[in-house]
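The values are calculated or read from the model by the stated rules, or taken from the named source; none is laboratory data. The structure presented is a predicted model; accordingly, all values stated were derived computationally and were not measured. Cβ coordinates were reconstructed from backbone atoms using ideal geometry, including for glycine residues, and neighbour counts include every protein chain displayed.
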Amino acid sequence: MTEPSADTTAALTYTSYLALDDVLDAQHPRSDEHDELLFIVIHQVYELWFKQLLHELAHLQVKLVDGDTAHAVRTLRRVLTIFKVVVAQIDVLETMTPRQFTSFRLRLEASSGFQSAQFRELEAVLGRRDEHAFAHYPEGGEQRTRIAGAMARPSVFDAFLAYLAVHGYAVPTALLERDVTKPAEPSLELQRVLLAVYADDSGPSTVVEHLVDLDEGLQEWRYRHVKMVERTIGAKIGTGGSPGAAYLRGTLFTPAFPDLWAVRGEL
């Protein structure tokens with residue numbers, strides 16, 4: 001008889017289940033400055049939330065393609081709540097003054113939030129199609145592969161179009177069969193379909209409103225992020241030579257789902 005391994009006989013504990021020894025040992029400040037630990041913890045927590053958002057959005061796409069309104073709405077509510085938490089974390093970062101950040105900023109060397117592969121993947125899942133988003137990652141590397149892979153697959157909006165078709169709405173065939181590696185373009189035909197969805201005022205209209213909430217949540221995150229950067233480093237070049245606030249301002253007020261906003265004045 002084979003003896004059970006130590007892994008299967010050891011009692012599961014809170015610490016072992018959550019791998020807390022690994023998690024709590026993952027912070028390695030490069031200075032003795034008090035505020036560097038906060039900076040590291042906040043950004044590690046962001047990455048964990050980005051991981052969860054990717055997990056939830058993959059589930060959302062499955063439920064949308066299946067036409068499952070109830071579970072799509074529940075998943076969207078969770079995604080929206082996570083975005084609120086992500087935005088609220090900026091309040092914690094903003095307790096750090098510019099001088100406190102400057103005290104350890106040089107220790108960051110070439111590292112920058114622009115290098116967050118998970119956020120780039122999140123943008124791709126929500127519809128961004130731009131090779132510049134992964135061009136600086138090494139070819140053949142896992143991060144570049146994941147971002148490029150997300151840009152080659154249907155986005156959340158593509159899944160939403162499939163959802164509308166399942167529910168009997170006359171989504172143009174050209175949109176259902178579009179090249180998903182290209183950015184989605186606003187469509188007057190689709191906007192007429194969306195007006196019909198709102199007129200029916202049933203489950204699909206609830207999904208539409210939650211997608212608008214999601215788009216607004218993403219834009220709110222971008223706005224709070226740029227203001228936090230301006231507050232902390234002003235017009236300075238970002239860490240790692242990134243453009244800093246100047247680049248971030250250019251991302252503001254660009255909706256992920258433009259058709260959902262275009263119909264607002266017609267309702």
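Can you tell me which residues in the stretch 65-84 are crowded, with 18+ Cβ neighbours inside 10 Å and either touching a Leu at 6+ places or on another chain (Cβ under 8 Å) or polar (S, T, N, Q) (or both)?
69, 72, 75, 76, 79, 83
Can you name every residue in the stretch 87-106 that is in a helix (DSSP H, G or I) and not hydrophobic (A, V, I, L, M, F, W, C)?
Going through the stretch 87-106, the residues in a helix (DSSP H, G or I) turn out to be 87-93, 98-106.
89, 91, 98, 99, 100, 102, 103, 105 - these are the residues of the stretch 87-106 that are in a helix (DSSP H, G or I) and not hydrophobic (A, V, I, L, M, F, W, C).
Any residue that is surrounded by 12 or more Cβ atoms within 10 Å (Cβ to Cβ), touching a Phe, Trp or Tyr at 6+ places or on another chain (Cβ under 9 Å) and under 22 Å from residue 216 (Cβ atoms) - is there at least one of those in the stretch 29-40?
No - not one qualifying residue is present in the stretch 29-40.
Determine which single condition residue 207 fails, assuming it passes every other condition in (1) under 18 Å from residue 61 (Cβ atoms); (2) touching a residue at least 12 places away in the same chain (Cβ under 8 Å); (3) surrounded by fewer than 16 Cβ atoms within 10 Å (Cβ to Cβ).
If we test residue 207 against (1) under 18 Å from residue 61 (Cβ atoms); (2) touching a residue at least 12 places away in the same chain (Cβ under 8 Å); (3) surrounded by fewer than 16 Cβ atoms within 10 Å (Cβ to Cβ), just (3) comes out false.
Hey, does the stretch 91-105 have a residue that's buried (at least 17 other Cβ atoms within 10 Å of the Cβ), aliphatic (A, V, I, L, M) and under 18 Å from residue 257 (Cα atoms)? If you could, list the steps in order and put the result at the bottom.
If we filter the stretch 91-105 for residues that are buried (at least 17 other Cβ atoms within 10 Å of the Cβ), which is where we start, we get 93, 96, 100-101, 103-105.
From what's left, aliphatic (A, V, I, L, M): 93, 96.
Applying the additional criterion that residues be under 18 Å from residue 257 (Cα atoms) yields none.
Scanning the stretch 91-105, I find no residue that is buried (at least 17 other Cβ atoms within 10 Å of the Cβ), aliphatic (A, V, I, L, M) and under 18 Å from residue 257 (Cα atoms), so the answer is no.
Would you say residue 27 is modelled with pLDDT of 95 or more and in a loop (DSSP other than H, G, I, E, B)? Please lay out each step first, then the result.
Working: modelled with pLDDT of 95 or more: yes; in a loop (DSSP other than H, G, I, E, B): yes.
For residue 27, the condition - modelled with pLDDT of 95 or more and in a loop (DSSP other than H, G, I, E, B) - is met.
Got at least one residue in the stretch 177-187 being crowded, with 18+ Cβ neighbours inside 10 Å and either among the charged types (D, E, K, R) or at pLDDT below 95 (or both)? Break it down into steps so the answer makes sense when it comes.
At the first step, the residues of the stretch 177-187 found to be crowded, with 18+ Cβ neighbours inside 10 Å are 184, 187.
From what's left, either among the charged types (D, E, K, R) or at pLDDT below 95 (or both): 184.
So far as the stretch 177-187 goes, yes, one or more of its residues are crowded, with 18+ Cβ neighbours inside 10 Å and either among the charged types (D, E, K, R) or at pLDDT below 95 (or both).
Just checking, which of 135, 117 is of a type in the set (Gly, Ala, Ser) and without any contact (Cβ under 8 Å) to a residue 12 or more places away in the chain?
On the way: 117 fails: without any contact (Cβ under 8 Å) to a residue 12 or more places away in the chain.
When all the criteria are applied, what remains is 135.
I'd like to check something: does the stretch 224-237 contain any residue that is more than 19 Å from residue 115 (Cα to Cα), modelled with pLDDT of 90 or more, out of contact with any Lys or Arg (no Cβ under 9 Å at 6 or more places or on another chain) and in a helix (DSSP H, G or I)?
Looking for residues that are more than 19 Å from residue 115 (Cα to Cα), modelled with pLDDT of 90 or more, out of contact with any Lys or Arg (no Cβ under 9 Å at 6 or more places or on another chain) and in a helix (DSSP H, G or I), one finds none in the stretch 224-237, hence no.
Can you find a residue that is closer than 25 Å to residue 42 by Cα, touching an Asp or Glu at 6+ places or on another chain (Cβ under 8 Å) and modelled with pLDDT of 90 or more anywhere in the stretch 127-145?
no
Name the pairs whose Cβ atoms lie under 8 Å apart, with the first residue in the stretch 254-265 and under 16 Å from residue 219 (Cα atoms), the second buried (at least 16 other Cβ atoms within 10 Å of the Cβ) and among the hydroxyl-bearing types (Ser, Thr, Tyr), and 6 or more positions between them or separate chains?
259/187
Quick one: which residue in 80, 164 is within 16 Å of residue 55 (Cα to Cα) and in contact (Cβ under 8 Å) with a residue 40 or more places away in the chain?
On the way: 164 fails: within 16 Å of residue 55 (Cα to Cα).
Within the list 80, 164, the selection yields 80.
Which of (1) in contact with a helix residue (DSSP H, G or I) (Cβ under 7 Å, 6 or more places away or on another chain); (2) surrounded by 11 or more Cβ atoms within 10 Å (Cβ to Cβ); (3) at pLDDT 95 or above is the odd one out, the single condition residue 18 does not satisfy?
Of (1) in contact with a helix residue (DSSP H, G or I) (Cβ under 7 Å, 6 or more places away or on another chain); (2) surrounded by 11 or more Cβ atoms within 10 Å (Cβ to Cβ); (3) at pLDDT 95 or above, only one is false for residue 18: (1).
Matching residues to (1) among the hydrophobic types (A, V, I, L, M, F, W, C); (2) crowded, with 17+ Cβ neighbours inside 10 Å:
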| site | (1), (2) |
| --- | --- |
| 125 | yes, yes |
| 170 | yes, no |
| 192 | no, no |
| 200 | no, no |
